[in-house]
Amino acid sequence: MFVFYSNLRLYDVQVLAIEEEGSLKGLVLCLIQGEGGRLKRRLTARAIISGGPLLADDISDAALRMLLEATIQTMKHRSIYIETRNLNDYSRWRQSFEACGFQYVPHLNFHQDTSSVKAVDSHLNRTRKRHVRVGLRDGATLEQATTEAEVAEFYRILTHLYRHKVKKPLPTQEFFLQLAHQPMAKILTVNYQGHVIGGMAYIELPGKVGYEWYVCGMDDTYKNLYPSELATYAGLRCAVQSGCPRFDYMGAGKPGESYGVRDFKAQFGGTLVEHGRFLKVNNPLIYKAGCTVISLLNHLKK
């Protein structure tokens, strides 16, 4: 991931690591993200640790705190806040994070059994089973993008979704073109009559876990083919084929808040988990102002 992000012009990525007795025990990859021109990027800069730090089971508390403190020192003048977006259970290290000034923020996710096709299909609810069956029966196919044109079609659909519904920042097309060439990634597509009508950016750790990173579909245009549902199903099937016993949906919102994406993901039958996030605010004034603006914008959307 360090090599991938380093080759993209819009990203600043930093890696910190710690050893104990000659062995690597912890590693943090911080991706500094921001939007717009130079001033706006400074006002929106955040350091994201996607997935959470990589920690050895036997890392000492002292080593972990040293790694976290080094991360804070490196990022404090370069980002408004630092956030670890945990995809695994970090509860045993929570006390160390909090001792270094991180706040635990509850956040939900779904994990799904992909040990076999039978396991995947058995967890789908009745509606999802019917939609998958109908979409495939009526001519939709599940493919992997092999050309830049196919990636561009996928990106066009994804851009429309983010611009009109999600209304959150989206990486550039170059991001996905480069991602498609990474050994751990695939752009999975839903095709119909020679055109891409949906898809997913799929990442995997072979033999361990597959990740749904970005997913989209032309559901209004091809409502009887259910392209978004087929795109997620394609990811589940890909995880099975790669020998990954688990599929990770990479987030399902905050507990206690309604979230349509969570409702959609729930119907595929995964297990709801809460591994949360750790948040360290470096600039409280700008952070609070940003939260206020986002809250107002969300209120206007409603």
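All of the numbers you see were taken from the coordinates with simple rules; none came from a lab. The shown structure was predicted, so the numbers you read here are calculated from the model rather than taken from an experiment. No Cβ is skipped: glycine too gets one built from the backbone with ideal geometry, and neighbour counts run over all protein chains shown.
Data overview
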item: Folded to 0 to 90 degrees: helix 61-75 orientation relative to the chain principal axis, Cα; result: 80 degrees
item: Cα-based helix-to-principal-axis angle, 148-161 vs the chain, degrees rounded to 10; result: 80 degrees
item: Segment E98-A289, extension gain: residue separation times 0.36 nm, minus the distance between their alpha carbons; result: 66.4 nm
item: Hull-based mean projected area of segment 111-214, where the convex hull spans the alpha carbons, in square nanometres; result: 7.6 nm²
item: Integer Hz, Karplus 6.51/-1.76/1.60 couplings in order for segment 257-273, x for Gly and Pro; result: 10, 5, 7, x, 5, 4, 4, 5, 5, 4, 6, 8, x, x, 8, 6, 10
item: Relative contact order for segment 41-126, counting Cα pairs under 8 Å that sit 6 or more residues apart, in percent; result: 35 percent
item: Descending semi-axes in Å of the chain, equivalent ellipsoid built from Cα gyration tensor; result: 33, 23, 19
item: 4 °C / 1.567 mPa s Stokes-Einstein diffusion coefficient of segment 102-148, Kirkwood radius on C-alpha pairs, µm²/s; result: 92 µm²/s
item: Calculated FRET efficiency for the pair V15/E148, C-beta based, R₀ 30 Å, to 0.05; result: 0.55
item: In Hz, Karplus ³J(HN,Hα) per residue of segment 162-167 (6.51, -1.76, 1.60; θ = phi - 60°; x = Gly, Pro); result: 6, 6, 9, 10, 5, 6
item: Where only alpha carbons of segment 45-95 are counted, the Rg and the Dmax (Å); result: 11.4, 33
item: Helix-only [θ]222 nm of the chain, DSSP H runs n ≥ 4, -39500 (n - 2.57) each, per residue, nearest 500; result: -11000 deg cm²/dmol
item: Mean separation of Cα contacts under 8 Å, 6 or more apart, over the residue count of segment 110-273: relative contact order %; result: 32 percent
item: Size of electric dipole in the chain: Cβ of Lys, Arg +1 and of Asp, Glu -1, about Cα centre, debye, nearest 20; result: 1160 debye
item: HN-Hα J in Hz across segment 121-128 - Karplus 6.51, -1.76, 1.60, θ = phi - 60°, x for Gly and Pro; result: 5, 5, 8, 5, 6, 4, 5, 5
item: Length-normalised contact order for the chain - Cα pairs under 8 Å, 6+ apart - percent; result: 22 percent
item: Span from the segment 241-294 Cα centroid across to the segment 3-40 one, whole angstrom; result: 21 Å
item: Two-site label geometry, D58 and T172: point separation in nm, points 7 Å out along Cα→Cβ; result: 4.5 nm
item: Cα-projected label distance for T127 with E257, points at 7 Å along beta-carbon direction, nm; result: 2.3 nm
item: Equivalent-ellipsoid semi-axes of segment 1-115, from the Cα gyration tensor, Å, largest first; result: 24, 18, 16
item: Rounded to 10°, Cα long-axis angle of helix 227-241 versus longest principal axis of the chain; result: 70 degrees
item: Relative packing of 232-241, 254-263, which averages over residues the other C-beta atoms within 10 Å, highest first; result: 232-241, 254-263
